[in-house]
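We did not get these values from a lab; they are worked out from the coordinates using the rules stated. Predicted model, so just to flag it, every value in this text is computed and none were measured. For neighbour counting, all protein chains shown are included, and Cβ atoms are generated from backbone atoms with ideal geometry for every residue, glycine included.
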Amino acid sequence: MPPDNPALTQVNELTIKLVFRYRNFYPSIINAVKNGSIPPRKIASDIFEFDEIQTGMKYAIHSKNKVIKAVIRINPDDER
């Protein structure tokens, strides 16, 4: 959490990174994937199995120029 005093950010040479997300879209996208109208393979560039979480995270961090959306599949029987 950044300090309340912006001067402390400068004095401590902190770097603050922000992420922009369309949070209002999440419920509709989740429902579309859930009901099958949008298969995850259509919106995900990379899908990793649950036991590949470390690999998926490292790939997403170090391959930002290739990754559009990386997904960890929790249920291996779900082929959507």
Counting only residues 5 or more apart in sequence or on a different chain, those whose built amide H sits under 5 Å from that of GLU49 are ARG73
What trypsin sites (Lys or Arg not before Pro) in the range 36-71 are in a loop by DSSP, with at most 11 other Cβ atoms within 10 Å of the Cβ?
LYS64, LYS66, LYS69
